[in-house]
């Protein structure tokens, strides 16, 4: 064995599986080769990770984020959406988001993600090759697209160039152990029908995920209803671009018919509860989606609207939120939410056979969660503990693709302190860009 | 000076105050004697706490909790309310909650609270003298009542005995530097009108807080409307027991008239967003209360329904929740929520002149929050950072009443490891009690 993870209660997150008290996970190369009670798992191993009596579980899967936006975390909050975007986020992006800055932001976001137990991130930003490179450097698993949108972006002067870059990306990263290339169209209101169709065709051609923002805001829903007499989901369904490879971010404003469509076509929904609350977009009907068999995972969205990449927090807030708004305390129970955080997310990204549970033959993406801090004692039920009491700061060790990336809360693959210094150096430039816009009036 | 807290951005939480970059707080005995830019604060001091470039702010004030219930954290979740209480919480309490267990639970809860930046807790449980003793031992500030209810409790065979014990408590703890004695009546549906009035009179006599659960559930609201033709708030107002010394926990189900009454009488509301969501009680109309000038603070409620004592999380979830449910992204902005977490809570508990802000002449209840972990970098706005990005685990140092209780995440006044071992020993007894009830059917 190359790696043995021991001394914890194992939550495999396989459907119907019971927690394994004093369990262990054995890893050879990239793969899980044994999971079970400690005495059933082969020894010795080149390396042993001790979970310290805590929980051993699959890494969390962040199905929707904009990684490099960690650099804009907390830059502007509590604002109307238009003012937030036009006077703060866009000017800051325009001023600083070149390839080098995206690299820094992605590295920093990957470090934050790993320390919060996230082992797989689905990004949606610019400079895809740079993003992929940063994720590889840290060692985290990632789904990486170049985004297409009907106007110039920092990395692409036109949708045509974006499509060409997406093709190159798909060719370069097919069969990569960590990076899944993907194709993204920004949203049904920002990319014309022809370009959305081209993007979806490209995803089909390479058999990769097709990412798109859908029905995030009431404005989007109302605009489609008024201008096209349909909903964003039905519009995309009518275009023929929705399929089991689609990752539809948000889906806050969907009708019962939309939900049936998402279920029927096997579309995966990336739910972003914290961002949807913070931007006042609303509350996506997750319980209804789950009841109809829609694939659902959680996403943090970008740190400009979250303001962290703490996916566990998104899951925890979802578990609370839906009880409160439905009036049903049994809604979104801990085992359901824990499954969405791990297995559900993997399935949304088309990685359900690769990661998302601890099972023999899957890649070893594993988190050890400590349970000794006062807020974590006692633990009567491990899934309940994960969803109602645990914190990102309890994440002690993280393994991705068989490699130990975090040990005792320390990231091993990059120099966290050096990155922090670079982020500190950049922040005044970001602030300055926004102040310059303000000064212009 | 006895203590100097330096090297951080000071958020005094005084109304209208701006963050003080590179600020400092000086302490003599129990009191804050200077707050301002570092160079303006007198030196030297017997002890210096270095905030490491993070934030220096008032401790968080938990206006409603049931401390010893940390021992039941995660024992039963995702259940209908009746089943949760009758088949899990009450049997467990009956089996284990003697004075000794309440002591252990309160000590453990105080440790958890401190490590999460909470410097003042308003408890509502049994064995008040034991609770007060435990809080004193840890050194945390507390508001402590003996609860009156119309049936026997673990510590009182009758409401009459409870009233007598409340009187003794008020006499014993008047003028205590850390413990504020209080009088509690459980709720308008569980204590008869005569006893509620007696409790309120006793609070009046000793000039101490009067605590009561009010309008937590839809059931309570509907029962009062059906059986008495009024609301729980109006019922209490008509009894003449509501005043500026009242701490009304929950107030989820209140009418516009109720809100006006709460404002007019100066009642403080202890809002428990996480517990109210988790138990599916609903969403208290905090924005409306604040607009009408009602005093509001946050509470965690007991850890059986939270499942932690992480008050910062309650504040953060409130900031998100009200945006999402109102559709207004400017609702409950960070500075408002940060104020409720500190000053607002102190005012609700009648301690507004004692704690809640960093001001000369107030007691020194101070928290240093680190801002170096990846989720905390960069910080563009300290209040926004506190409410949208910070975590309880960022709490580095905690001072209560001038005394350093937590330094570099370590509690100095009690043996955390020894307490943890005791909680571990107790947990199987708690679980056994619930299983015995199940076995009986």
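Every number here is computed from the coordinates shown, using simple stated rules; none is lab data. Everything numeric in this text was worked out from a predicted model, so none of it was measured. Backbone-built Cβ (ideal geometry, glycine too); neighbour counts: all protein chains shown.
Label point of residue A:255 (7 Å along Cα→beta-carbon): distances to the other copies' equivalent points are 3.7 nm, sorted ascending. Each of A:317, A:140 was scored by other Cβ atoms within 10 Å of its Cβ. Arranged with the fewest first, they read A:317, A:140. Overall form of the stretch B:60-348: rounded. Here a/c, set by the Cα gyration tensor axes a ≥ b ≥ c, is under 1.5. In chain A, the DSSP beta bridges split such that about 40 percent are antiparallel, to the nearest 5. Look at the alpha carbon pairs under 8 Å that are at least 6 residues apart: their mean separation over the length of chain A gives a relative contact order of 21 percent. Computed from the C-beta positions of residue A:415 and residue A:372 and an R0 of 25 Å, the FRET efficiency is 0.35 to the nearest 0.05. Counting only DSSP beta bridges whose two residues both lie in the stretch B:1-109, roughly 60 percent are antiparallel. Between the stretch A:80-121 and the stretch B:366-434, what's the alpha-carbon centroid distance in Å? Cα centroid of the stretch A:80-121 versus Cα centroid of the stretch B:366-434: 28 Å apart. By its C-alpha gyration tensor, with a ≥ b ≥ c as the square roots of the eigenvalues, how is the stretch B:55-169 shaped: rounded for a/c under 1.5, else prolate for a/b larger than b/c, else oblate? In terms of gyration-tensor shape, oblate.
Measuring from each Cβ of chain B to the axis carrying B onto A, the nearest residue and its distance in whole Å come out as B:393, 2. Sorted ascending by nearby beta carbons within 10 Å, beginning with the fewest, B:424, A:210, A:151 become A:151, B:424, A:210.
Go ahead and set up a Gaussian network model of chain B, Cα springs under 10 Å, then flag whichever of B:110, B:46, B:99 fluctuates most. Judging by the Gaussian network model, the answer is B:46. If a/c stays under 1.5 just call it rounded; otherwise compare a/b with b/c (prolate if a/b is bigger, oblate if not). Do that for the stretch A:174-291, with a ≥ b ≥ c from the square roots of the Cα gyration tensor eigenvalues. Taking the square roots of the gyration eigenvalues as a ≥ b ≥ c, the stretch A:174-291 is prolate.
For residue A:288, the point set 7 Å out from Cα toward Cβ sits 2.4 nm from its twins in the other copies, listed from shortest up. Once the Cα atoms are used to define both axes, helix A:256-265 deviates from the longest principal axis of chain A by about 60 degrees. Neighbour counts of C-beta atoms inside 10 Å place A:127, A:189, A:173 in the sequence A:189, A:173, A:127, starting with the fewest. Label positions at residue B:193 and residue B:328, each projected 7 Å from the Cα along the C-beta direction, are separated by 3.7 nm. The mean count of C-beta atoms from other chains within 10 Å of the C-beta of residues in B:304-310, rounded to a whole number, is 4. For the residues of A:326-336, the average number of beta carbons from a partner chain within 10 Å of their own beta carbon is 4.
Looking at the protein assembly as shown, the DSSP beta bridges with both ends there are about 40 percent antiparallel. Can you compute the FRET efficiency between residue B:257 and residue A:86 using 1/(1 + (r/R0)^6), with r the Cβ-Cβ distance and R0 = 41 Å? Round to the nearest 0.05. Calculated transfer efficiency: 0.50. Adding -39500 (n - 2.57) for every DSSP H run of four residues or longer, then dividing by how many residues chain A holds, sets the calculated 222 nm ellipticity at -11500 deg cm²/dmol. Peptide A:115-121 has a mean shielding of 1, counted as Cβ atoms of other protein chains within 10 Å of each residue's Cβ. For the stretch B:1-84, the relative contact order comes to 32 percent (Cα pairs under 8 Å, sequence separation of at least 6).
Mean-square fluctuations from a GNM of chain A, with a 10 angstrom spring cutoff on Cα atoms, peak among A:191, A:294, A:366 at A:191. Sorted shortest first, the separations between the residue B:240 label point and its copies elsewhere in the assembly read 8.0 nm; each point sits 7 Å from Cα along the Cα-to-Cβ line. Once R0 is set to 45 Å, what does the formula 1/(1 + (r/R0)^6) return for the Cβ-Cβ distance between residue B:439 and residue A:48, expressed as a FRET efficiency to the nearest 0.05? According to the calculation, E is roughly 0.70.
Here the Gaussian network model covers chain B, with springs between Cα atoms less than 10 Å apart; of B:361, B:344, B:142, B:361 fluctuates the most.
Principal-axis analysis of the Cα atoms of chain A puts helix A:311-326 at an angle of about 70° to the longest axis.
Legend: Rg and Dmax of the protein assembly as shown, from Cα coordinates, 26.9, 81 Å.
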